[in-house]
Amino acid sequence: MMIDNKNLKDKTLGDALRSQGISRRSFLKFCAATASMMALPPSMIPAIAEALEKAKKPSVIWLSFQECTGCTESLTRAHTATIENLIFDSISLDYHHTLQAASGEAAEEARTEAMKENWGEYLLVVDGSIPTKDMGYSTIAGMSNLDMFLETAAGAAAIISVGTCAAFGGIPHANPNPTGAYSVHDIIKQYGDREVEGISPELVSNGRLADKPVITVPGCPPIPVVITGVLTHYLTFGAIPELDHLGRPKAFYGSSIHDRCYRRPFYDKGLFAETFDDEGAKKGWCLYKLGCKGPTTYNACATTKWNNGTSFPIESGHPCLGCSEPDFWDGGGFYKALSIPTVDIAGAAIYAAAGAAAAGVALGALNKNKKQKTISEHSKTTIDDLEK
Amino acid sequence: MSGSSLEQFNIQGSNELTWNVMPLLHQIKHAMKNLLENDTNEIIDLRSIPLAPGEEDRLLEILGEGEVNAQLNALGLSDVIETQYTGVWMITHHNDENEIISRHIEITRMPDILLSQEEDISLAYDRLAESLDEE
């Protein structure tokens with residue numbers, strides 16, 4: 001039997017769910033889990049139910065460039081299986097190298113067809129950085145990553161940079177950046193107003209690249225429910241969520257790992273693990289001196305957690321690497337402390353809460369300088385750091 | 001239910017109510033007062049709170065179980081349990097693979113998810129009417 005794709009796409013999510021025999025009660029459960037996933041307050045559940053009922057199935061094109069497939073692995077292991085299935089049933093994933101069955105010309109046709117049919121309305125998801133030094137470093141069907149990105153981005157309603165490589169350049173962008181890798185933001189900055197050779201003129205003329213909204217969802221990889229949370233937010237409200245100065249959704253990247261860390265009280269009391277096997281480590285004290293980048297890293301790991309909500313790196317006794325921040329790979333050794341506290345944090349916390357806050361600000365400034373210095377000197381992790 | 005993770009991580013070896021458990025219990029107490037005096041409901045999403053290992057278990061243990069223990073079978077199982085504190089409900093949604101997908105504390109007379117929904121009643125009515133017509 002032929003399936004009428006046009007009619008399917010015109011259906012609302014409410015229609016789609018009803019046609020699958022999903023009860024209203026199940027739908028309310030779906031909305032409660034969705035609110036939790038999008039980090040929205042539970043009071044928003046009725047509004048989410050109303051919006052999702054009317055939501056239309058958006059077309060999604062997913063492009064993978066210089067990446068390790070870790071982001072797709074993360075997404076496909078999102079633990080809320082039933083809910084994710086419903087969401088993926090309610091988006092039209094028209095192109096994804098790794099997940100699609102088609103190959104070769106048929107695969108590329110799927111992309112151009114989806115672009116033509118949904119011009120100006122589809123979501124473009126990108127994982128991986130884009131090489132610019134030699135186009136031969138990474139091509140798909142003979143097309144350079146840069147050309148494919150510029151062509152596909154031209155007709156997108158919004159672009160979602162998934163993973164630190166797409167968001168900030170990631171590991172390919174790390175010194176000495178042999179492929180001239182850049183993030184989606186950097187490419188848009190560079191090519192926003194320019195017509196690029198090889199791109200069909202009718203595709204570029206309709207949209208100025210620089211005006212496209214870009215949502216960055218960094219992490220190496222990003223937390224699965226954060227990826228689906230951002231997609232669901234767009235599906236639900238037809239708009240992009242509130243973003244911070246780096247284009248990250250504030251709902252997930254609004255607080256630092258440090259501020260939401262359950263070990264924070266140890267930091268405030270000045271109780272630190274000095275090595276990975278000392279008494280402090282065994283007692284679960286703060287990992288700041290072992291190089292934890294929690295104070296300068298913004299992500300949802302401390303609350304959303306990983307592996308079915310089991311734990312996150314700090315809970316497993318390892319410092320945060322800061323993988324959702326720009327240039328985290330070049331920010332000095334993973335096991336080097338951001339800076340050695342220069343004030344008596346324990347004393348400050350006891351005598352005045354404001355003292356601890358001021359210490360935090362001072363340390364933050366010191367850390368920023370140190371990060372810049374290590375980036376410029378291209379400091380490497382040595383065996384001594386690991387044995388510290 | 002609570003011991004293993006506490007001992008494993010040795011974060012919270014004592015029985016004192018510390019960290020997030022105490023503030024959460026106070027929040028629940030205030031919400032109960034609001035329900036009594038102003039008839040307002042409150043929902044707390046436990047996923048939005050940075051709980052230390054063992055804290056969620058500790059909270060569940062303190063709230064305990066009361067008179068109502070309902071189970072839904074809607075896109076996977078859901079447990080809707082009235083705690084020993086009447087009006088305080090623990091709602092845990094599972095997916096098809098029985099993994100927890102969300103856990104809320106609701107301070108209300110009756111969680112909405114338990115009520116029969118208008119659309120479902122209407123569809124059920126049609127179904128019953130149709131089967132009676134066939135006979």
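Pairs to check: A:Lys250/A:Lys282; A:Lys133/A:Lys189; A:Lys212/A:Lys250; A:Lys189/A:Lys305; A:Lys189/A:Lys293. Give those whose C-alpha atoms are more than 25 Å from each other in this structure.
From A:Lys250/A:Lys282; A:Lys133/A:Lys189; A:Lys212/A:Lys250; A:Lys189/A:Lys305; A:Lys189/A:Lys293, over 25 Å: A:Lys250/A:Lys282; A:Lys189/A:Lys305; A:Lys189/A:Lys293.
Between A:Lys133 and A:Leu243, what is 0.36 nm times their sequence separation minus the Cα-Cα distance? Round to one decimal in nm.
On the way: separation 110, 0.36 × 110 = 39.60 nm, distance 3.06 nm.
So the chain would gain 36.5 nm between A:Lys133 and A:Leu243.
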Which value in nm describes the separation of the simple spin-label points at A:Ser316 and B:Leu25, placed 7 Å from the Cα toward the beta carbon? 3.3
Return the average number of partner chain Cβ atoms within 10 angstrom of each residue Cβ along peptide A:301-307. 2
If contacts are Cα pairs under 8 angstrom and at least 6 residues apart, what is the relative contact order of chain B in percent? 20
Mind pulling the angle between the C-alpha long axis of helix B:21-38 and the longest principal axis of chain B? Nearest 10 degrees, somewhere in 0 to 90. 50
Amide H neighbours of A:Ser92 under 5 Å, counting only residues 5+ apart in sequence or on other chains, H built in-plane at 1.01 Å? A:Ser59, A:Val60
List the residues whose amide H sits under 5 Å from the amide H of A:Ala39, counting only those 5 or more places along or on another chain, with H placed 1.01 Å from N in the peptide plane. none
In nm, the gap between the two label points placed 7 Å beyond Cα toward Cβ at B:Thr92 and A:Met44 is 2.6
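A short reminder: the numbers here are calculations on the coordinates, not readings from a lab. Just so it is clear, the model here is predicted, and its values are computed rather than measured. In this analysis, Cβ positions are derived from the backbone assuming ideal geometry, glycine residues included, and neighbour counts consider all displayed protein chains.
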